[in-house]
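What follows is a single structure, written as structure tokens, with notes after it.
The values are calculated or read from the model by the stated rules, or taken from the named source; none is laboratory data. Computed from a predicted structure; not experimentally measured. Cβ: placed from backbone, ideal geometry, glycine included. Neighbour counts: every protein chain shown. Remember, those area values only see protein heavy atoms, side chains included, never the ligands or the DNA or RNA. Shrake-Rupley method; radii C 1.70, N 1.55, O 1.52, S 1.80 Å.
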Amino acid sequence: PHYARLSKTLKERGFASCTAYASSPSAGSNSHVAHADFLSGIAIQNSSQINVLLETNVMTMPRYFNAAGYQTINAQPKLMIEWPEGRRFYGFAQDFFGKHVKYAGTVYHWAQSPDQFFLQTALERLIRPSKKPVFMQFISVISHAPFSMIPPYHEDWSVAADTSRYEPTKRYDLDNWNYLQRPEHQKALAETIVYSLETAVGLAKELASSGSGVMLIVLGDHQPPA
């Protein structure tokens, strides 16, 4: 039912949407394996291979967008440190990590801030002011294990930067050590996926409202261990 509702919302905003399935190179952990595989076009199965790959000069997807005149942004809320090796290899023009954002609301289970807050901040600080078309990779955090809190989704994105508005709508007694043993993790995971899709569709609406052409690709980097 959520797919039908969100598809209707997209259609009303002039979007066409489609869904397909792909096999991830990673399973259960190591999201960065899937990210490297996707952005480099090279089959990667483990972290050891990534360490080798990072030393190469492969023409990655962000480099192609740089060459085409885009502003390229690597948005990762989870990262609280700089990552110069990743920037050199992938070639993003700008890193936008958790360490670059001040968030004083409820701390969530994987990164501090929920997806909508971080995306709204990126919209205001980076995307809307850009004089170039933008290619941005955003690594979602709320649908990451252990799925213990569901944030509110704000239809009005103008309030999404207010950190006081992120008290969870639902909490689950799940953590990194127990969630595989608890059956409620299935319901919690489903609810975080709905939140992620809702936020992605909301982002599309916000971008389209500015009159810009928009292509949004939503990928699951891998299935959880469960």
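Selection within the range 45-67: residues that are open to solvent by 90 Å² or more (accessible area, probe 1.4 Å) and among the polar types (S, T, N, Q). The member of this set that is nearest to Val33 (Cα to Cα) is Gln45.
Would you say Pro183 is open to solvent by 30 Å² or more (accessible area, probe 1.4 Å), more than 23 Å from Ser7 (Cβ to Cβ) and assigned to a loop (DSSP other than H, G, I, E, B)? When the stated conditions are applied, Pro183 passes them. Consider the range 144-180 and keep the residues that are touching a Lys or Arg at 6+ places or on another chain (Cβ under 8 Å) and among the β-branched types (Val, Ile, Thr). The one that is most open to solvent (accessible area, probe 1.4 Å) is Val159. Total residues in the range 156-171 satisfying the condition of being closer than 26 Å to Pro146 by Cβ and hydrophobic (A, V, I, L, M, F, W, C): the figure is 1.
Failed condition for Lys11, given (1) among the charged types (D, E, K, R); (2) closer than 30 Å to Asp162 by Cα; (3) touching a residue at least 12 places away in the same chain (Cβ under 8 Å), with all others met? For Lys11, the exception is condition (3).
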